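One structure is given below, represented as structure tokens, and several questions about it will come after.
The values are calculated or read from the model by the stated rules, or taken from the named source; none is laboratory data. Being a predicted model, the structure only gives us computed values, none of them experimental. Using ideal geometry, Cβ is built from the backbone for each residue, glycine included, and neighbour counts are taken over all protein chains shown.
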Amino acid sequence: MSNKRQEVLIARVTMREVARAAGLSQPAVSMALRRHPRIAPATCDRVIALAWKLGYRPHPMVSALMAQLHGRRRGDQSPVLGVVNASPRRRDLWNAPGLFREFRRGAEERAAELGFILEEFRLGQDGMDRRQLERVLAARGVAGLLIAPLPETGWLDLSWPHYALATLGDSLQEPRLHRAAVHQYANAWKLLEGLRERGAGPVALVQSHLMSGRIQHAWLGAYAAWAQVHPDLAAGSLLFESGDCAAIVHWLRGAAPRALVLHEEEGMAAVRKLPARQRPRLYDLGVVRRSDLPQKGIDPQRAVIGAAMVDQVVAQLNRNERGVPAVPKVVLIEGRLVL
């Protein structure tokens, strides 16, 4: 064995040493580190802070084994990955029909492939505040959390150092976590190039200010770059205010594109107000499997993105990483061209 390996083994802090420093028994420290409901929250906070100060880190393989053993005692055969859903029920994206169902399906299937099950925990609903959630997670032995997308950009407050974490997209602004997301810029460029190769121009882009802001203006940036390269094929781009359908109709009449790239149903409704001979062909940058919506454009492969979020959490568990990362890693998934 190398000297370096020997130094790592010697330096590893044990739970027994944490218990000695905390003045508690080893079983009590074990429960405190898992925020077991039998241990007072203040004691849990003190023990966790002390453990991290001393450099204690749970062994990832032992932790996974213990979680599985605890699960079998409850009658479960698989350890749990938690899905923290902080959205109010009326604006719940994670459980909504349509496009978000694909994200969820991909996450559930990937979790099952890796030997986990997903369990949803609704923060802020039915009396589930932060403290109660952390007690439940500790009691269930949950060490990995997927943060469900929020209906609006915002932040969450949890004891982040205790969990392996990942989220979906950019709705969670604070803290910044590892995340899986649609590669919006690449998808827009891929669709525009696909239309050019098929002689579908001139091409226009229409989206709301709200939508553009949520994706950090990635579609607008891709279109502007593409228009610089192919100025003769670019009919222009429009950012509209939500609810101003008349402005979209007026702009389309002037721009007169043969192909229109968009995603929001408000833009599609505006096209239907044009005379049939003036209507451009519609191409959706986020195709949804619905008979009343365009089925050509980009399939974002939402199930693959949901699976990538699970991969991020499980990889952290295997590396024994917890908490908010110093440098968040973003996995961007390119969509599939459907023309």
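In the stretch 236-278, how many residues are out of contact with any helix residue (DSSP H, G or I) (no Cβ under 9 Å at 6 or more places or on another chain) and of a type in the set (A, V, I, L, M)?
3
Continuing with this model, one more query. Answer yes if at least one residue in the stretch 263-283 is of a type in the set (A, V, I, L, M, F, W, C) and not in a helix (DSSP H, G or I), and no otherwise.
Going through the stretch 263-283, the residues of a type in the set (A, V, I, L, M, F, W, C) turn out to be 268-271, 274, 276, 282.
Adding the requirement that they be not in a helix (DSSP H, G or I) leaves 274, 282.
Yes; the residues of the stretch 263-283 include at least one that is of a type in the set (A, V, I, L, M, F, W, C) and not in a helix (DSSP H, G or I).
Moving to a separate point now. Only one residue in Glu108, Glu17 is at pLDDT 60 or above, part of a helix (DSSP H, G or I), surrounded by 11 or more Cβ atoms within 10 Å (Cβ to Cβ) and within 18 Å of the chain's Cα centre (by Cα). Which one? Working first, answer last.
Working: Glu17 fails: within 18 Å of the chain's Cα centre (by Cα).
Unique residue meeting the criteria: Glu108.
Here's another thing I want to ask about it. Consider Asp299 against the criteria (1) of a type in the set (Asp, Glu); (2) surrounded by 15 or more Cβ atoms within 10 Å (Cβ to Cβ); (3) under 24 Å from Leu239 (Cβ atoms): it satisfies all of them except one. Which criterion is unmet?
(3)
Condition first: without any contact (Cβ under 8 Å) to a residue 24 or more places away in the chain and assigned to a loop (DSSP other than H, G, I, E, B). Now tell me which residues in the stretch 284-297 satisfy that. Let's see the steps before the verdict.
Step one: list which residues in the stretch 284-297 are without any contact (Cβ under 8 Å) to a residue 24 or more places away in the chain, which gives 284, 289, 291-292.
If the condition is that a residue be without any contact (Cβ under 8 Å) to a residue 24 or more places away in the chain and assigned to a loop (DSSP other than H, G, I, E, B), then Arg289, Ser291, Asp292 are the ones that fit.
Would you be able to tell me the number of residues in the stretch 259-286 that are exposed (fewer than 14 other Cβ atoms within 10 Å of the Cβ) and among the β-branched types (Val, Ile, Thr)?
Residues meeting the conditions: 0.
Related question: Buried (at least 19 other Cβ atoms within 10 Å of the Cβ) and not charged (D, E, K, R), is that true of Leu210?
On the way: buried (at least 19 other Cβ atoms within 10 Å of the Cβ): no; not charged (D, E, K, R): yes.
It is false that Leu210 is buried (at least 19 other Cβ atoms within 10 Å of the Cβ) and not charged (D, E, K, R).
With respect to Pro97, determine if the residue is touching a helix residue (DSSP H, G or I) at 6+ places or on another chain (Cβ under 6 Å), part of a loop (DSSP other than H, G, I, E, B) and either more than 30 Å from Leu337 (Cβ to Cβ) or not aromatic (Phe, Trp, Tyr) (or both). Give the steps one after another, and end with the answer.
Working: touching a helix residue (DSSP H, G or I) at 6+ places or on another chain (Cβ under 6 Å): no; part of a loop (DSSP other than H, G, I, E, B): yes; either more than 30 Å from Leu337 (Cβ to Cβ) or not aromatic (Phe, Trp, Tyr) (or both): yes.
No; evaluated as a whole, the condition is false for this residue.
Further question on the same structure: Six or more apart or on different chains, Cβ atoms under 9 Å: show the pairs whose first residue is in the stretch 307-335 and more than 21 Å from Gln184 (Cα to Cα) and in the same structural domain as Leu146 (by TED's automatic domain parsing) and whose second is surrounded by fewer than 22 Cβ atoms within 10 Å (Cβ to Cβ) and of a type in the set (Ser, Thr, Tyr).
That search, which allows pairs on different chains as well, returns Leu317/Ser63; Asn320/Ser63.
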